[in-house]
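Trainee: After the C-alpha cells below, expect a handful of questions from me.
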Amino acid sequence: MRRIRQSIACVALLLITGACCTNRNTSPQVEGHYTYEHAFNYDLFGNHFDVHETGTMDFYPDSSALDSARQVYVATLANGDTVTWVFNYISPSCWHVEGDDFYFSGIKESFRMEVAEGDKEAELAQKIIEVISGSINYKYKFHLDTLTEDRLQWSYTYRDGHSDTWEFFRHEN
C-alpha cells in the first residue's frame, strides 16, 4: 500500500511539474514572419506627404529583423501640384522587448530606400530618402499593445502627442 501511495505521489508530482513547464512555454513569441499595411502622413520642406506602405516584417531569435516594404508617397507640393513616387524600402534592424516596451531600430549601414516608380532623379525624392536614412538607426520605443499567435501590434506616441499604431499579421514561412 505504501508503494502504491508513493507511486501515485510521484506520478502526481510529475504531472504538476510538467504542467507548470508547459504553461511557461505557451506564451506567444515575437519571432516569425509577418505582413502589414500602414498609412501615415507628414509635412516636410513645405510639402505634405500621404504615405501607404505594404510590407513584410521578419523577426529572428538573435534579435535581428528585416523590414521590407513598398511605400507609395503622394506629395502635395507647396504650389498645389501632386507628385507620386513608389519606393522600395529595405531595413535590416534590431529589436528587443522589455515588458510592454518594444525597442526597434534600423541598421543605417544596411538600409536601402530606392525609387521604384516615378522620377528617380527628382530632388524631392532624394531628400525624402536622405531624411529617412538619417533617422533609421534611432532606437524607437514602441508600446507592445498585442502579441498573440497570429498578431503583433505596437504603437508609438510622437513628440507632438499624436499616436500611431502598426498591426502585423503572422504567417508561416
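The values are calculated or read from the model by the stated rules, or taken from the named source; none is laboratory data. The shown structure was predicted, so the numbers you read here are calculated from the model rather than taken from an experiment. Here Cβ is always computed from backbone atoms with ideal geometry, including for glycine, and neighbour counts include all displayed protein chains. When the accessible area is computed, the model is the full protein with side chains, heavy atoms only, and any ligands, DNA or RNA have been set aside. Shrake-Rupley method; radii C 1.70, N 1.55, O 1.52, S 1.80 Å.
Trainee: Checking the conditions here, which among Asp62, Asp50, Asp43 is open to solvent by 40 Å² or more (accessible area, probe 1.4 Å) and at pLDDT below 95?
Mentor: On inspection, the qualifying residue turns out to be Asp43.
Trainee: Another question about this same structure. Looking at (1) part of a strand (DSSP E or B); (2) modelled with pLDDT under 95, find the lone condition where Val86 falls short.
Mentor: Unmet condition: (2).
Trainee: Among Ala69, Ala65, Ala75, which is over 19 Å from the mean Cα position of the chain (by Cα) and in a strand (DSSP E or B)? Working first, answer last.
Mentor: On the way: Ala69 fails: over 19 Å from the mean Cα position of the chain (by Cα); Ala65 fails: over 19 Å from the mean Cα position of the chain (by Cα).
Of Ala69, Ala65, Ala75, the one residue that is over 19 Å from the mean Cα position of the chain (by Cα) and in a strand (DSSP E or B) is Ala75.
Trainee: Within segment 42-62, track down each residue that is of a type outside the set (Gly, Ala, Ser), touching a residue at least 24 places away in the same chain (Cβ under 8 Å) and not in a strand (DSSP E or B). Walk me through it before giving the result.
Mentor: In the first step, residues of segment 42-62 are kept if they are of a type outside the set (Gly, Ala, Ser); the result is 42-45, 47-54, 56-62.
Narrowing the set further to residues that are touching a residue at least 24 places away in the same chain (Cβ under 8 Å) leaves 44-45, 47-50, 53, 57-61.
Passing the criteria: Phe45, Tyr60, Pro61.
Trainee: If you don't mind, there's one more thing I want to ask. Considering only residues that are within 15 Å of Trp154 (Cβ to Cβ) and outside any strand (DSSP E or B), look in segment 98-119 and name the one that is least open to solvent (accessible area, probe 1.4 Å).
Mentor: Result: Gly99.
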